[in-house]
Amino acid sequence: MLTDSHTHLNAEQFNEDQDEMIQRALDAGVTRMVNVGFNRETIPSSIALAEKYDFIYSTVGWHPVDAIDMMPGDLGWIEELCKHEKVVAIGEIGLDYYWDKSPRDVQQRVFREQIQLARKLGMPIVIHNRDAHQDILHILKEEKAEEVGGIMHCFSGSWETAKQCLDMNFHISFGGPVTFKNAKQPKEVLAQVPLDRLLIETDAPYLTPHPFRGKRNESAYVRLVAETAAEIRGLTVDEIAEITTNNTIRLLGLK
Ligand code: NI
């Protein structure tokens, strides 16, 4: 009973074989997938997918890379969509200082507005963080994100940073990069995260785990992340699958 807590099944990379790819995930033992809608195009298609399959859920939010495209009214649109029974979190939201499409001040404003919305609605949030650890922590604290908590998606920071996120009521989710041989820091953090705060994900079609690194990722490969987690924690893959599935169900209110 694996759960992929963060995937993009509606990405254009799956246009040719979406149904087959979803079937491969089911065949690999994936029982639930949380699909992330993050801009004007992917939010409607993510919800459509969640309506089509009972084991797929959707998040809605505005990605920091696309922050510059957010128009007046879009926050209200997201608020409206949060009432949908298959929408389980606001995200992915956060800061991305690697790509420079959206200025940092715009990213920060859009991030803050969505945390405020999440608090208003009592929805957990899914955090995207690239090269912005300090500002992410600062804004989460200032905006009292611990009231709703959520998921640090594909966590790549230090144990010090992880501890601060745990203190603010967040779960720590690991993806493909933790399976890489040289991923010393992610493996160290995975070894220490309390088991009731541990999640696994693919972020498919990106961040493909070993041994498929460099190829297209898909939700079936969450099993490879589970295998790495099991090895590091001295548990079986089934135990990791059950723990991370129960954590995702509890946090996001999945069936
Ligand atoms: Ni993502």
TODO: Sort 115, 232 so the one with the fewest other Cβ atoms within 10 Å of its own Cβ comes first.
DONE: 232, 115
- [ ] Report the FRET efficiency, 1/(1 + (r/R0)^6), for residue 85 and residue 192, where r is their Cβ-Cβ distance and R0 is 30 Å, rounded to 0.05.
- [x] 0.25
TODO: Calculate, in nm to one decimal, what residue 130 and residue 160 gain on full extension: separation in residues at 0.36 nm each, minus their alpha carbon distance.
DONE: 9.1 nm
- [ ] With unit charges on the beta carbon (Lys/Arg positive, Asp/Glu negative), name the residue among 211, 189, 165 whose Cα is farthest towards the positive pole of the charge dipole of the range 142-216.
- [x] 211
- [ ] Go ahead and collect, in residue order, the members of the range 46-61 whose backbone nitrogen is under 14 Å from a label point 7 Å along the Cα-Cβ direction of residue 206.
- [x] none
Task: Part-to-part distance (alpha-carbon centres) for the range 199-255 and the range 102-147, which is given in Å - done: 25 Å
- [ ] Only helical DSSP H runs with n ≥ 4 go in: add -39500 (n - 2.57) per run for the chain, normalise by residue count and round the 222 nm mean residue ellipticity to 500 deg cm²/dmol.
- [x] -12500 deg cm²/dmol
Task: Potential lengthening between residue 227 and residue 23 on full extension [0.36 nm per residue; Cα-Cα distance subtracted] - done: 71.4 nm
- [ ] Set the Förster radius R0 to 41 Å, insert the Cβ-Cβ distance between residue 116 and residue 41 as r into 1/(1 + (r/R0)^6), and round the FRET efficiency to 0.05.
- [x] 0.95
TODO: Could you tell me which of rounded, prolate or oblate describes the range 204-255, using a ≥ b ≥ c as the square roots of the eigenvalues of the alpha-carbon gyration tensor, with rounded for a/c under 1.5 and, failing that, prolate when a/b is larger than b/c and oblate otherwise?
DONE: oblate
Task: Magnitude of the charge dipole, the range 2-252, Cβ model with Lys/Arg +1 and Asp/Glu -1, debye to 20 - done: 500 debye
Task: Protection proxy ranking of 222-228, 139-145, 37-43 - average other beta-carbon atoms within 10 Å, highest first - done: 222-228, 37-43, 139-145
- [ ] Calculate, in nm to one decimal, what residue 138 and residue 255 gain on full extension: separation in residues at 0.36 nm each, minus their alpha carbon distance.
- [x] 38.8 nm
- [ ] Name the residues whose placed amide hydrogens come within less than 5 Å of the amide hydrogen of residue 30, ignoring near sequence neighbours (fewer than 5 apart) on the same chain.
- [x] 2
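Read-outs: derived from the displayed coordinates by stated rules, not from any lab. For clarity, every value in this text was computed on a predicted model and none was experimentally measured. Please note: Cβ atoms are built from the backbone with ideal geometry, for glycine as well, and neighbour counts cover all protein chains shown.
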